[in-house]
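A short write-up of the structure that comes next.
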Amino acid sequence: MKQRTLLAIAAMMALTSFVACEPFGITVPGSTSTMSMSGTIQSSSTNAKLNGSAQTSNSVFTVVAQSAGTGKIYLDSTDSSGAFDVSVPEDETGNLFMITIVGPDGKATGPVTFGASGSEVSAGIDFSRNANFGTIELPADPTLAPITPGGDGDVLELAATDVMTRIDANGVPVGIATIGKGEDAEGPALTNPRQACDVDRDGLVDMFDADNDGDGIIDENDTGDASGNTGLSDVRLSFFMNLKIGNQSANTYYAGSASAVEAALMEDTVITFEVLEEPSATKSISSVKLMSTPAPSYITDTEVMRDTGMGLMSTSWEDVDYAFEEAGDRFQAFVIPNALIEAGDVFTVEITFDDGSTGIYSRMINYVFKSIPQLMKHGVSSSLTDFAGAQPIAFDGAQDLTLEFEPPKDESGEFLTGFAYSFEIFYNEAGSGNQLNGSIDTDATFPSTITGFNAANTNVEVTADSLTLSDENTYTVTLPKEIFVNTVQTADGTKTVGSYKIDIATQSGNGDNSAIMLEFDKM
């Protein structure tokens with residue numbers, strides 16, 4: 001593993017803070033009386049095309065049932081014959097449920113639907129008795145044909161007629177092809193409590209929907225999301241990506257071939273998994289581990305980073321049973337996937353509580369960073385210079401420094417907008433090149449307030465709503481010249497600054513981060 005990845009993870013382990021998100025919990029029924037949702041799933045062994053992955057007839061599928069009444073989720077995986085039997089407590093009787101089929105790779109194949117009416121289809125059942133879905137024959141391509149119950153079952157009699165999902169010309173819910181993103185999946189969020197599993201009616205329950213309320217804004221950046229932390233009263237989950245690149249690797253992402261960039265992404269992307277108790281929790285977390293099934297196929301090749309006290313060490317996550325480590329008020333794992341993450345990948349954790357109970361909770365990756373912020377031009381705002389890749393980048397320290405850059409792109413090649421940005425300044429000592437930030441007396445170095453500059457963190461924060469994407473798909477930010485001091489004050493006296501590094505970081509509300517650090521030098 002390259003040094004830049006170790007350094008990036010070390011920084012995250014020191015600085016990561018928890019950001020609330022919207023996962024969903026799966027209740028594992030105890031000894032109370034239960035009812036059943038049963039059936040059999042058949043998948044073609046030759047022509048199945050489920051989320052781009054060929055499946056076999058012996059693959060394990062998972063049936064996920066969510067209650068609109070409680071928000072809780074119940075599941076069961078298919079056995080060798082394809083049979084499943086989801087146990088649901090009797091106190092859920094009468095509640096509306098949506099049922100989703102999840103593939104062996106952990107991605108949603110699609111919901112079970114119950115009969116079209118024009119441009120809509122029922123995707124829910126009123127669970128008033130045991131329900132038999134019969135033999136569900138999965139379509140070869142779930143984006144071209146709907147998933148429906150078998151004729152040998154009895155669940156059609158329970159289909160809800162007032163809770164409908166929007167469908168395309170093929171009768172498929174509109175969110176399936178794009179995990180709920182894009183214009184086709186957009187739609188108004190409803191407040192009807194019976195529609196609580198899928199408020200935007202795109203066919204995806206929230207744990208499989210990248211845009212829960214259908215407003216065109218991915219959930220990580222959506223402060224007005226209509227959905228809530230449904231069904232979770234004791235824990236919060238945050239699964240997020242970090243792609244933090246040092247200046248020495250900039251050219252790989254800026255000018256490297258597609259294959260070189262893909263190879264770098266496999267090594268440089270870090271998934272941060274965090275589980276935290278809610279302030280109102282009625283029980284404490286004893287342990288957390290990731291479930292290897294259902295999960296992305298690359299899960300067995302992941303490495304987890306641990307601080308041994310003598311530096312970071314990577315080890316096979318599988319070898320430690322996908323366990324999380326306790327770190328203060330949370331359980332966490334910093335993981336290198338060693339593969340290309342895909343939007344729609346779902347990870348599921350098993351949490352054991354101090355009362356002996358167990359809960360299972362999932363969260364989906366709603367988008368993937370396929371690039372880092374790319375500096376296009378720099379210099380004085382009235383006369384910007386094209387960035388040709390050479391570092392350090394010369395600039396006029398007597399004038400404000402303007403940076404024009406492209407935001408990162410996602411898995412579809414679209415620019416990721418709606419993100420905030422942080423510009424952190426690092427000061428390198430003249431002669432030695434050593435970074436000085438850890439020893440700077442910021443009060444003495446910056447005795448006067450600099451507009452927009454957080455002296456304690458030596459950074460400038462730019463909100464998403466203050467940025468406007470140009471016709472050339474770039475953002476422009478100007479950093480005040482007063483930031484770039486010639487000397488800094490430390491406990492060891494005055495130190496002369498020889499050069500600066502600027503970390504340009506894209507930041508989502510969920511904690512995802514894509515950043516490039518570039519070296520600058522005054523002319």
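So how compact is the chain: Cα radius of gyration and Dmax in angstrom?
That works out to 25.3, 82 Å for Rg and Dmax.
Along its principal axes, what span do the Cα atoms of the range 376-523 show, with the longest given first and each in whole Å?
Projected onto the principal axes, the Cα atoms of the range 376-523 cover 50, 33, 26 Å.
Can you give the FRET efficiency for Thr135 and Ser259, using 1/(1 + (r/R0)^6), R0 = 51 Å, r = Cβ-Cβ distance, to the nearest 0.05?
After rounding, the FRET efficiency stands at 0.70.
Taking the radius of gyration and the Kirkwood hydrodynamic radius from Cα positions alone, what is the Rg/Rh ratio for the range 483-523, to two decimal places?
Looking at the range 483-523, the ratio lands at 1.15.
Give me the Kirkwood hydrodynamic radius of the range 112-163 in Å, from all C-alpha pairs, to one decimal place?
Computed over the range 112-163, the radius equals 11.6 Å.
Which number comes out as Rg/Rh for the range 277-357 once both Rg and the Kirkwood Rh are worked out on C-alpha atoms?
Radius of gyration over Kirkwood radius for the range 277-357 works out to 1.00.
List the residues, sorted by chain then number, that are 5 or more residues from Gly124 or on another chain and whose placed amide H is less than 5 Å from its amide H.
Ala160
What FRET efficiency comes out for the pair Ala327/Ala116, r = Cβ-Cβ distance, R0 = 51 Å, nearest 0.05?
0.55
Taking all pairs of distinct Cα atoms, average 1/r, flip it, and tell me the Kirkwood hydrodynamic radius of the range 106-263 in Å to one decimal place.
Averaging 1/r across every pair of different Cα atoms and inverting gives 17.8 Å.
Using only the Cα atoms of the range 50-160, what semi-axes does the equivalent ellipsoid have when each is the square root of 5 times a gyration tensor eigenvalue? Give whole Å, largest first.
22, 17, 13
Nearest 10 degrees is fine. How inclined is helix 3-15 to the longest principal axis of the chain, computing both from alpha carbons?
Approximately 80 degrees, to the nearest 10.
³J(HN,Hα) across the range 327-341 via Karplus (A = 6.51, B = -1.76, C = 1.60, θ = phi - 60°), whole Hz, x for Gly/Pro?
9, x, 8, 8, 10, 8, 8, 9, 10, 9, x, 6, 7, 8, 5
Please compare each pair in Lys370/Lys501; Lys481/Lys501; Lys107/Lys370; Lys107/Lys181; Lys72/Lys289 to a cut-off of 18 Å on the Cα-Cα distance and tell me which ones are over it.
Pairs exceeding 18 Å: Lys370/Lys501; Lys107/Lys370; Lys72/Lys289.
What is the extension gain from Thr494 to Asp471, computed as 0.36 nm multiplied by their sequence separation minus the C-alpha to C-alpha distance, in nm to one decimal?
3.8 nm
Explain nothing, just the number: dipole magnitude of the chain about its Cα centre with +1 on each Lys and Arg Cβ and -1 on each Asp and Glu Cβ, in debye rounded to the nearest 20.
Dipole about the Cα centre, nearest 20: 880 debye.
Hey, could you grab the Kirkwood Rh for the range 204-319? Inverse mean 1/r over distinct alpha carbon pairs, Å, one decimal.
Taking every pair of different Cα atoms in the range 204-319, averaging 1/r and inverting gives 17.8 Å.
Cα axis of helix 258-268 to longest principal axis of the chain: angle in degrees, 0 to 90, nearest 10?
Taking Cα atoms only, the helix is inclined about 90 degrees.
Magnitude of the Cβ-charge dipole of the range 374-522, K/R +1 and D/E -1, about the Cα centre, nearest 20 debye?
420
Output the relative contact order of the chain, whole-number percent, from Cα pairs under 8 angstrom with separation of 6+ residues.
Once divided by the residue count of the chain, the mean separation gives 13 percent.
Find the percent of Cα-Cα distances in the range 24-221 that exceed 30 Å, and round it to a whole number.
The share of Cα pairs beyond 30 Å in the range 24-221 comes to 13 percent.
Convert each backbone phi in the range 457-472 into a coupling constant with the Karplus relation 6.51 cos²θ - 1.76 cosθ + 1.60 (shift: θ = phi - 60°), then list the ³J(HN,Hα) values in order as whole Hz, x for Gly and Pro.
9, 6, 9, 10, 9, 10, 6, 4, 6, 8, 9, 10, 6, 6, 5, 8
Quick note: the coordinates plus some simple rules give every number you see, no bench work behind them. Nothing here was measured: the structure is a model prediction, and the numbers come from that model. Quick reminder, even Gly has a Cβ in these numbers, built from the backbone with ideal geometry, and neighbours come from all protein chains shown.
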